[in-house]
1. Please report, to one decimal in angstroms, the Kirkwood hydrodynamic radius of segment 196-247 built from all distinct Cα-Cα pairs.
2. Set the bar at 19 Å for Cα to Cα. Now go through Lys140/Lys164; Lys210/Lys262; Lys137/Lys164; Lys227/Lys262; Lys227/Lys250; Lys78/Lys172 and name every pair that lies beyond it.
3. What spacing in nm lies between the two simple spin-label points modelled at Tyr283 and Glu170, each 7 Å away from Cα in the Cβ direction?
4. Working out 0.36 nm times the residue gap between Glu310 and Asp340, then minus their Cα-Cα distance, what length gain in nm do you get to one decimal?
5. Kindly give Rg over Rh for segment 78-160, based on alpha-carbon atoms, with the Kirkwood expression for the hydrodynamic radius.
6. Given the whole protein assembly as supplied and a 1.4 Å probe, what does the accessible area of His289 come to in Å², nearest 10?
Amino acid sequence: MVSSITFGFIILFYFQTGDLGSSGGSNTSKEEKEKVVVGFEEERKILMEQLHSNGEGGRLEIISIVGPPGGGKTTLAKEVYQDPLTLYAFQILAWVVVSQDYDKNMKRDMLISILKSASQENHGEYEKSSTDMLGEKVHKCLKGRKYLIVLDDIWSIEAWNDIKRSFPNECKGSKVLFTSRQLVVQSNDDGCVHRLAPLHESCSWELLQKKVFGMKCCPPQLVDIGKQIAKKCEGLPLAIVAIAGILATKDKTLDVWEEVAKHLSSIIAKNQEGCMEILELSYNHLPLHLKACFVYIGGFPEDYQISVRELIWLWIAEGFIQKSERGKSLEAIAKDYLNDLINRSRSRNGSH
């Protein structure tokens with residue numbers, strides 16, 4: 001088990017741990033493989049074609065996925081990054097999360113992240129190296145090899161400008177893939193831009209059904225209200241997944257779903273805050289014993305790697321974990337809490 005959780009601002013319901021989820025590596029579970037981005041099949045196909053083209057003019061090619069928060073950028077990027085064809089085609093793959101609060105110190109972190117994925121050197125040596133030396137190491141490691149580097153959630157051109165010299169600009173079919181809320185990297189003629197549109201109503205409903213019922217069909221009496229709920233999510237996958245997380249833990253009755261739809265109507269707005277309010281609604285529906293555990297994670301910096309074992313011990317030390325009548329250890333109970341949060345993040349029920 002890879003005992004770490006990647007925590008970021010919009011990770012509110014996207015925890016990722018080794019065998020509990022996928023963090024961008026090749027050990028992807030069957031469930032994760034089946035989690036295709038509903039409504040983005042065509043975009044995925046085009047993106048795969050561009051990733052596996054040989055490139056033109058002997059230059060490194062930049063591909064950008066641009067869209068609103070919660071629009072499915074990172075999920076789509078992971079779909080193509082984890083595809084077996086991609087894993088086979090590229091000699092080096094690296095996934096780097098870029099923080100919103102970018103500063104010069106993060107340049108080191110980005111370079112080290114790439115080296116840890118691309119090099120077999122002793123990782124402890126990287127901390128002793130200067131930033132310039134790290135940049136040279138990255139260039140040396142990538143030179144002459146076909147590579148794919150993903151810079152996820154990049155907010156400013158500064159982040160790219162700080163490290164782009166470390167990327168060999170030679171024609172071997174190498175690619176750099178960005179996800180961004182806005183087009184911050186102008187790639188001129190040597191790049192491609194994918195602007196993700198909101199999901200169509202039919203795709204929104206399909207996604208909601210899959211997240212709530214898995215392989216089972218939605219009961220006929222819930223179809224109409226379910227479609228209304230999906231429509232109110234304005235085509236944002238994150239909003240749909242968050243609401244599905246609520247519905248998956250509730251009774252599958254018309255009264256309950258109408259109550260969720262009623263509250264949803266009051267918070268959905270066609271702006272960025274709307275999605276965060278949906279996430280707040282999801283938080284409000286967490287059981288009391290999970291709320292404190294979840295909020296505690298918010299004390300860590302954005303994109304910080306959190307040790308699962310350390311997190312569990314911290315929860316116990318804070319008194320968040322209560323003894324159960326079944327005689328389980330506090331560590332086992334804490335792991336149950338964590339699994340519960342992760343399962344809610346995947347918006348699934350026992351049938352999935």
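1. Values: mean 1/r = 0.0934 Å⁻¹.
Mean inverse Cα-Cα distance, inverted, gives 10.7 Å.
2. Details: Lys140/Lys164 13 Å; Lys210/Lys262 22 Å; Lys137/Lys164 13 Å; Lys227/Lys262 13 Å; Lys227/Lys250 17 Å; Lys78/Lys172 22 Å.
Over 19 Å apart, Cα to Cα: Lys210/Lys262; Lys78/Lys172.
3. Rounded to a tenth, the inter-label distance reads 4.9 nm.
4. Numbers: separation 30, 0.36 × 30 = 10.80 nm, distance 1.78 nm.
Once the chain is fully extended between Glu310 and Asp340, it gains 9.0 nm.
5. Values: Rg = 13.1 Å, Rh = 13.6 Å.
Answer for segment 78-160: 0.97.
6. Accessible area, nearest 10 Å²: 80 Å².
The values are calculated or read from the model by the stated rules, or taken from the named source; none is laboratory data. On a predicted model such as this, the values are computed, not experimentally measured, just so you know. When we count neighbours, we look across all protein chains shown, and the Cβ atoms used for this are built from the backbone with ideal geometry, even at glycine. SASA here: full protein model, heavy atoms, side chains in, ligands and nucleic acids out. Shrake-Rupley method; radii C 1.70, N 1.55, O 1.52, S 1.80 Å.
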